[in-house]
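Please find one structure pasted underneath; my questions will follow.
The values are calculated or read from the model by the stated rules, or taken from the named source; none is laboratory data. Quantities reported herein were computed from a predicted structural model and do not represent experimental measurements. All Cβ positions, even for glycine, are placed from backbone atoms using ideal geometry, and neighbour counts span all protein chains on display. Side chains are part of the model used for accessible areas, which takes the heavy atoms of the whole protein and leaves out ligands, DNA and RNA. Shrake-Rupley method; radii C 1.70, N 1.55, O 1.52, S 1.80 Å.
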Amino acid sequence: MASESLKEYLKMAPDQLKEKEQELRTELFKLRTTGATEKVKDSSKFQKVKKDIARIKTIQRQQELKNAKA
């Protein structure tokens, strides 16, 4: 999975962000289980996926606050 840019996440609708977050959480789970059973080739992928999840959660929170003010 190629890491998407912040601009691409900002363009997504809230339901798309939720779907993407679920995909990333599933991928992180698969990475963790793979890491427990065998050697992971690219260990930096853990950090990349976690940061993408954090980006999405930040955007979701910003949208929540924006909608609360409106």
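In degrees, nearest 10, range 0 to 90: what is the angle between the Cα axis of helix 14-37 and the longest Cα principal axis of the chain?
20
Probe of 1.4 angstrom, ligands and nucleic acids ignored: what's the accessible area per residue over the stretch 21-66, in square angstrom? Write down the numbers at each step before the final one.
Working: 3470 Å² over 46 residues.
I get 75 Å² per residue for the stretch 21-66.
Given only helices, namely DSSP H runs of n ≥ 4 each adding -39500 (n - 2.57), what is the per-residue ellipticity at 222 nm of the chain, to the nearest 500 deg cm²/dmol?
-27000 deg cm²/dmol
If you roll a 1.4 angstrom probe over the protein chains with everything in place, what fraction of the accessible area of the chain belongs to carbon and sulfur, to the nearest %? Kindly include the intermediate steps, with their values, before the conclusion.
Details: 2920 of 5500 Å².
After summing per-atom areas, the C and S share lands at 53 percent.
A further question on this structure: So if the hydrodynamic radius of the chain is defined as the Kirkwood radius over C-alpha pairs, what does Stokes-Einstein give as its diffusion coefficient at 20 °C and 1.002 mPa s, in µm² per second?
Estimated via Stokes-Einstein, D reaches 163 µm²/s.
Between Glu38, Glu19, Glu27, which gets the highest mean-square fluctuation from a Gaussian network model of the chain, Cα cutoff 10 Å?
Glu38
So, one more: What's the longest bit of the chain with no exposed trypsin sites (Lys or Arg not before Pro), using DSSP loop states and at most 13 other Cβ atoms within 10 Å as the test?
Here the longest run is 1-38.
Assuming 0.36 nm per residue, please report the length gained on full extension of the stretch Ser44 to Asn67 beyond their Cα-Cα distance.
Here the segment from Ser44 to Asn67 would lengthen by 4.8 nm.
While we're here: Using a simple spin-label model with points 7 Å from Cα along the Cα→Cβ vector, what separation in nm is obtained for Thr58 and Ala13?
It is 2.5 nm.
Applying 1/(1 + (r/R0)^6) with R0 = 22 Å to the Cβ-Cβ distance of Thr26 and Ser5, what FRET efficiency is obtained, to the nearest 0.05?
After rounding, the FRET efficiency stands at 0.55.
Between helix 44-69 and the chain, what is the angle of the helix's C-alpha long axis to the longest principal axis, kept within 0 to 90° and rounded to the nearest 10?
10
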